[in-house]
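**Q** Below you will find the structure I want to go over with you.
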Amino acid sequence: MPPKSTSSSSKGRGPSNAVKLYLTLFNLASFFGWMLILTSLIKHLIAGPQTSTYPIKFSSKLLAPLRPFRIFHAPSYAHLPPLIANILDRCSNTHLYIGSLVALVQSAALLEIVHVIVGWVKSPVPTTAIQVASRLFMVWAVSERYSQAWTSPFYATMIFAWSVTEAIRYPFYANQLMGSNAKGLLWARYTTFYLLYPLGAGSEAMLIFSTLPQFLPWNKPTVWSIRDYVFLLLFIIWWPGLYVMYTHMIKQRRRALGKGFWGSKGIEKTPSKKTN
């Protein structure tokens, strides 16, 4: 689920010029990080594993001590048609290629909570903390911890949805901080969620599900741990939560852009109230 933005509020005096500069640079740096993830992901899915770039190598070495011992075992899709099997193979080993960079860039979003706490960004602290924590949970408690998750094809679809969303969100707020009204970014900010949010949240749910035991709890209850029951509960509530958030985003879009897919109101004037 996408974290809250790091833009300044239009109400009140607003942050100082120095803070605006810092927030602008933070948004642009985050945009660069997610664009690197997105382009690396697309290149990997189209052309197969490539030689890692320096940022990917650096993040892999930096985060290595934080990761549990692992042996990479991607599932086999040899029984499927070659084209589909090839795509699923590349999706399944996506984490091996860009997982470290994703973990590093997403962990930097902790600063967004700090920005709200110190008052540089006008947004509810609990809302921002929950949204950032949900992403970090998917990174560090799921995809970085369980081989079933880091070898799942749903990891690639989750990262695709995250990276496209963030590649729009961060420059959108950087433009706001610089006083620019980018109509295309405004429309994309409040429209791409129609596809990206169910893709991302659905992939998150399936990654959580992939970590559960293969046996049903009433068939082999001894196999199930407290952690498994908690993850099962999360998997169940993820779907109604997706519906609630999805309909909430539709309402936000209507306030920002007006009715209809293309909108009208927001294309003429950037909304004064910051929404996610």
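The values are calculated or read from the model by the stated rules, or taken from the named source; none is laboratory data. Since the model is a prediction, treat every value here as computed from it, not as a measurement. Please note: Cβ atoms are built from the backbone with ideal geometry, for glycine as well, and neighbour counts cover all protein chains shown.
**Q** Test each condition in (1) farther than 27 Å from Trp187 by Cα; (2) of a type in the set (S, T, N, Q); (3) out of contact with any helix residue (DSSP H, G or I) (no Cβ under 7 Å at 6 or more places or on another chain) for Ser143 and report the one that comes out false.
**A** (3)
**Q** If a residue has to be farther than 30 Å from Pro75 by Cβ and among the hydrophobic types (A, V, I, L, M, F, W, C) to count, how many in the stretch 110-161 make the cut? Give the derivation first.
**A** Of the residues in the stretch 110-161, the ones farther than 30 Å from Pro75 by Cβ are 110-132.
Subset that is among the hydrophobic types (A, V, I, L, M, F, W, C): 110-111, 113-114, 116-118, 120-121, 125, 129-130, 132.
Qualifying residue count for the region: 13.
**Q** Now a separate question. Could you tell me which residue of the stretch 112-129 is farthest from the chain's Cα centre (by Cα), considering only residues that are in a helix (DSSP H, G or I) and exposed (fewer than 14 other Cβ atoms within 10 Å of the Cβ)?
**A** The initial filter retains those residues of the stretch 112-129 that are in a helix (DSSP H, G or I), namely 112-117, 125-129.
Filter once more, so that each one left must be exposed (fewer than 14 other Cβ atoms within 10 Å of the Cβ): 114, 117, 125-127.
Values: Val114: 19, Ile117: 22, Val125: 19, Pro126: 18, Thr127: 16 Å.
Among residues in the stretch 112-129 that are in a helix (DSSP H, G or I) and exposed (fewer than 14 other Cβ atoms within 10 Å of the Cβ), the one farthest from the chain's Cα centre (by Cα) is Ile117.
**Q** From Arg90, Arg135, grab the single residue that is buried (at least 18 other Cβ atoms within 10 Å of the Cβ), closer than 23 Å to Leu25 by Cβ and not β-branched (Val, Ile, Thr). Show your work before the answer.
**A** Numbers: Arg90 fails: closer than 23 Å to Leu25 by Cβ.
The conditions single out Arg135.
**Q** Scan the stretch 231-276 for residues that are modelled with pLDDT under 90, closer than 25 Å to Lys122 by Cα, over 21 Å from the mean Cα position of the chain (by Cα) and of a type in the set (Lys, Arg) and report the count.
**A** So the answer is 3.
**Q** Of the conditions (1) over 20 Å from Val132 (Cβ atoms); (2) in a helix (DSSP H, G or I), Gly241 fails just one. Which one is it?
**A** Exception for Gly241: condition (1).
**Q** Follow-up question, since we're still on this one. Filter the stretch 88-109 for residues that are over 18 Å from Ile37 (Cα atoms) and either in contact with a helix residue (DSSP H, G or I) (Cβ under 7 Å, 6 or more places away or on another chain) or of a type in the set (Gly, Ala, Ser) (or both) and give the result. Don't jump to the end; show me each part of the working.
**A** Quick first cut of the stretch 88-109, residues over 18 Å from Ile37 (Cα atoms) only: 88-89.
If the condition is that a residue be over 18 Å from Ile37 (Cα atoms) and either in contact with a helix residue (DSSP H, G or I) (Cβ under 7 Å, 6 or more places away or on another chain) or of a type in the set (Gly, Ala, Ser) (or both), then Leu88 is the only one that fits.
**Q** Sticking with this one: Tell me which residues, restricted to the stretch 170-225, are in a helix (DSSP H, G or I), surrounded by 18 or more Cβ atoms within 10 Å (Cβ to Cβ) and of a type in the set (Val, Ile, Thr).
**A** Scanning the stretch 170-225 gives a single hit, Ile208.
**Q** Name the residue, out of Pro55, Pro68, Pro3, Pro75, that is at pLDDT below 85, crowded, with 17+ Cβ neighbours inside 10 Å, part of a loop (DSSP other than H, G, I, E, B) and not aromatic (Phe, Trp, Tyr). If you could, list the steps in order and put the result at the bottom.
**A** Values: Pro55 fails: part of a loop (DSSP other than H, G, I, E, B); Pro68 fails: crowded, with 17+ Cβ neighbours inside 10 Å; Pro75 fails: crowded, with 17+ Cβ neighbours inside 10 Å.
Residue meeting the stated conditions: Pro3.
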